[in-house]
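The values are calculated or read from the model by the stated rules, or taken from the named source; none is laboratory data. The structure presented is a predicted model; accordingly, all values stated were derived computationally and were not measured. Backbone-built Cβ (ideal geometry, glycine too); neighbour counts: all protein chains shown. All accessible areas refer to the heavy atoms of the entire protein, side chains included, with ligands and DNA or RNA removed. Shrake-Rupley method; radii C 1.70, N 1.55, O 1.52, S 1.80 Å.
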Amino acid sequence: MVRTVKSKKTVLGGLGLALLTQQVGAAGFFEDSKADLTLKNFYINQDQRHGGGARAEEWGQGFFLRYQSGFTQGLVGFGLDAEMLYGLRLDSGGRAGKAGITRTPGTMFPLDHDGSAENGFGRLIPTVKMRISETIFQYGGLTPKLPVVNSNDGRLLPQTFLGGQVTSKEIKDLTMVAGKLERSYERNSSNSEPLSIGGGYNNSASLKDRYSNEFYYAGFDYKPMKDLTVRYYFGQLKDFYDQHFVGLVHKMSLPVGSLTTDLRYFNNDSDGENSSKSGRAEGWRSAGYWSAGDPDQYEVDSSLWSAMFTYALGGHSASLGFQKITGDSDFVYLLKGQGSSPFIITDMQSQKFTNAGQQTWVAKYGYDFASLGVPGLKASVAHAKGREIDAADGNNKEWETDYRVDYVIQSGYLKGLGLTARHAMFRSNDTTDRDETRLLVNYTIPLL
């Protein structure tokens, strides 16, 4: 069952639905509607190496029914989107926490009261929308892909946020976004949960987990030139942190090939309860590393900068990047349970490389086999090596190598069927090593 969350904005959503029902017959609402059914078969195996305990191994079938209406005609247009998601368990481990098991569930499916994986889970999430000129207002289910909040799709079902957002393109070459998020449907849950960060939950038996229902964000993408994009975004999770992001992406044509430059900078500071020693003592904390007796222990205080350069020629692309985190706290982002993905160049398959003090080199290579007459086939490899992680016993180190192969059938009855194989190897001197394999099959059937 999906838990219903009541708030003032539920009333606003109801008013929007009431206005919508008065105009659904207007031209544009149905004529511009789209609907499709996506089938996603997903297998994951997380093998904890060197005595790290039971492996997480699960297999499931996902069904995503999505509907997107057009807008009613007139100065103000109304619309309604909806998605119905369901994940069916095909195979899983035993009971989480049971002694002696070799497989443990929970990474893909929610756990039942006895620690076993549920047979299935799902959600139905509507989104009311309104358009005025080139500005669109939305309230309901959102999957933002922004520097300060980046929805995650790394399991059977995607992460979905609940909240409101406005997107405006009134000015040429300028896209402005602002919104407020209140809760999140995690990737392995039917129920929405409040928001937190690493360190704010599962602290210890003596501390309560701390959450917030208020994440505010705003920013813009501006293209002063065809091949140049300048970005600024601000995000605030009340009582935890403030975050500023500045980014630049530039693509330059060379006599042979092209070079893309991607520069990113984040500055993170504390907010509300996390700003005070008393608040942190009550559990409003960030993860990180502080020396014993530091009065600022558990306070958000970090910055991150990175640079990534990608050279492309024909089907080849080669990237080299560097990322550095400064300050005592880890890099912060929305993280409740499995959380969203941070918008950083070290967002690898298994790990994120977001520890306090960490500096990381990243190298990637990809090839599109269309250049050899095999359209739809792509392969890539990525390697990240992090060091100088702040720790009591010195500078810790970690590395990860990811392999990926994708193929999309180009013709015939199964045209559009996508196949993906991913494998990651993670090694570290301070945490459990891990090998992870993911296999995916995706197929989308247009309905409207």
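Each residue of the range 53-65 is assigned a 3J(HN,Hα), and the resulting list reads x, 5, 7, 9, 9, 9, 9, x, 10, x, 10, 10, 9 Hz, derived from the Karplus form 6.51 cos²θ - 1.76 cosθ + 1.60 (θ = phi - 60°), x at Gly and Pro.
Counting protein heavy atoms only, the range 230-273 has 59 percent of its accessible area on carbon and sulfur, 1.4 angstrom probe. Only helices enter this figure: runs of n ≥ 4 DSSP H residues, each worth -39500 (n - 2.57), summed and divided by the residues of the chain, yield -1000 deg cm²/dmol at 222 nm to the nearest 500. Converting phi to 3J(HN,Hα) with the Karplus coefficients 6.51, -1.76 and 1.60 and the offset θ = phi - 60°, the range 398-413 yields 7, 8, 8, 10, 10, 10, 8, 10, 10, 9, 10, 5, 9, 7, x, 5 Hz in sequence order, with x at every glycine or proline.
Per atom type, the range 87-190 shows carbon and sulfur on 51% of its accessible surface, probed at 1.4 Å. Relative to the Cα centre, the charge distribution of the range 29-122, modelled as +1 at Lys and Arg Cβ and -1 at Asp and Glu Cβ, gives a dipole magnitude of about 440 debye.
Dipole orientation for the chain: of the candidates 323, 164, 236, 164 has the Cα lying most toward the positive pole (charges on Cβ; Lys, Arg +1; Asp, Glu -1).
Using a ≥ b ≥ c from the Cα gyration tensor of the chain (square roots of the eigenvalues), is it rounded, prolate or oblate, where a/c under 1.5 gives rounded and otherwise the larger of a/b and b/c decides, a/b for prolate? Rounded, because the longest to shortest axis ratio a/c is under 1.5. A simple charge model with +1 on the Cβ of Lys and Arg, -1 on the Cβ of Asp and Glu and nothing else charged puts the dipole of the chain at about 900 debye relative to its Cα centre. Here the range 329-448 exposes an accessible surface that is 57 percent carbon and sulfur, computed with a 1.4 Å probe and the other protein chains kept in place. Dividing the Cα radius of gyration of the range 314-448 by 2.2 N^0.38 Å, with N the residue count, gives 1.27. Taking the average, over residues, of other Cβ atoms within 10 Å as the packing measure, peptides 321-332, 283-294, 373-384 rank 321-332, 283-294, 373-384 from highest down.
Database remark: amide H of residue 193 closer than 5 angstrom to the amide H of 184, 185, 186 (H placed geometrically; neighbours at sequence offset of 5 or more, or on other chains; Pro and chain starts carry no H). Here the Karplus relation 6.51 cos²θ - 1.76 cosθ + 1.60, evaluated at θ = phi - 60°, turns the backbone of the range 76-83 into coupling constants of 10, x, 10, x, 8, 10, 7, 9 Hz, with x for every Gly and Pro.
Accessible surface area normalised per residue over the chain is 48 Å², counting heavy atoms of protein chains with a 1.4 Å rolling probe. Ordering 372, 307, 290 by the projection of their Cα atoms onto the charge dipole of the range 264-397, which places +1 on the Cβ of Lys and Arg and -1 on the Cβ of Asp and Glu, puts 372 at the extreme positive end. Annotation: amide H-H contacts under 5 Å for residue 317 (H modelled 1.01 Å from N, sequence separation of 5 or more, or interchain): 366.
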